[in-house]
Amino acid sequence: MQKDNQIVVDGLTFIPYLKREEIATQVERVGKEIARDYEGKQPIFLCVLTGAFVFAADLIRATGLNEAKITFIRYKSYEGTSSTGTVKQIIGLSDDIAGRDVIIIEDIVDTGLTACRMIEDLKKQNPASVRFATLLFKPESSQTGFTPDYIAFTIPPKFIIGYGLDLDGKARNIPDIYVIKEA
Ligand code: IMP
């Protein structure tokens, strides 16, 4: 439901936060940073499902790295609008990453628990390097001190939806990003 630019999902009201044009500008910037850092290399992008699929689609095209591969992995830690504190791997990695330069693509780093768990899991498979790209980073929510290598936006610790990010599986299709309206 949409009214006065507000969106209601599962009874919660969200207001506009980042427009698609601003998102595109920052995704292009991060894409160029990655292109510069991996020039002449053949990295493997690891898109973290489900939320990062929209960002990953735009980011890999912004890098222009035609020799790079993309693969997918799935972790889950959120229920509703908050972290459960427990990170579960749901779909594993199908590609061999030994000796490869891996770039994880995530939608958002909140507590940092998913990121740290993922990096720990991947390092067991002896990649040449692991770096982390995120669309959104909430440093004030961190429980780990983890800082991503590539960040499109640093935001306050508020719940957001759109551009791949969901509320219990809904709202991923929204092209702009919305933030929850405080009472
Ligand atoms: P972390 O493990 O707490 O860093 O959380 C990472 C995961 O939580 C992300 O991949 C998202 O799926 C989910 N998440 C964290 N914050 C938000 C949010 O504001 N909106 C939607 N999902 C979120």
Review point. Regarding Q89, is this residue at pLDDT below 95, away from the ligand (no atom under 14 Å from the Cβ) and either of a type in the set (S, T, N, Q) or buried (at least 21 other Cβ atoms within 10 Å of the Cβ) (or both)?
Key: no
Review point. Is the range 108-128 home to any residue that is in contact (Cβ under 8 Å) with a residue 12 or more places away in the chain, part of a strand (DSSP E or B), closer than 26 Å to P43 by Cβ and open to solvent by less than 20 Å² (accessible area, probe 1.4 Å)?
Key: yes
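Table: residues versus (1) open to solvent by 40 Å² or more (accessible area, probe 1.4 Å); (2) part of a helix (DSSP H, G or I); (3) on the phi > 0 side of the Ramachandran plot.
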| residue | (1), (2), (3) |
| --- | --- |
| I7 | no, no, no |
| I15 | yes, no, no |
| I23 | no, yes, no |
| Q26 | yes, yes, no |
| R29 | yes, yes, no |
| R36 | yes, yes, no |
| K41 | yes, no, no |
| L46 | no, no, no |
Revision key, fill the gap. The residue that is farthest from the chain's Cα centre (by Cα), considering only those in the range 130-174 that are surrounded by fewer than 17 Cβ atoms within 10 Å (Cβ to Cβ), within 23 Å of D58 (Cβ to Cβ) and polar (S, T, N, Q), is N173
Check your understanding: Going through the range 129-146 one residue at a time, which ones are more than 15 Å from the ligand (Cβ to nearest atom) and either among the hydroxyl-bearing types (S, T, Y) or outside any strand (DSSP E or B) (or both)?
Key -> S129
Exercise for review: Kindly provide the set of residues from the range 52-74 that are more than 16 Å from the ligand (Cβ to nearest atom), assigned to a helix (DSSP H, G or I) and either touching a helix residue (DSSP H, G or I) at 6+ places or on another chain (Cβ under 6 Å) or among the β-branched types (V, I, T) (or both), ordered by number.
Suggested key: D58, I60, A62, T63
Check your understanding: Which condition number in (1) within 21 Å of K32 (Cβ to Cβ); (2) within 9 Å of the ligand (Cβ to nearest atom) is the one that D149 fails?
Key -> (2)
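The values are calculated or read from the model by the stated rules, or taken from the named source; none is laboratory data. All values derive from a computational prediction rather than experimental measurement. Neighbour counts run over all protein chains shown; Cβ positions are idealised from the backbone, glycine included. Only protein heavy atoms, including side chains, enter the accessible area calculation; ligands, DNA and RNA are left aside. Shrake-Rupley method; radii C 1.70, N 1.55, O 1.52, S 1.80 Å.
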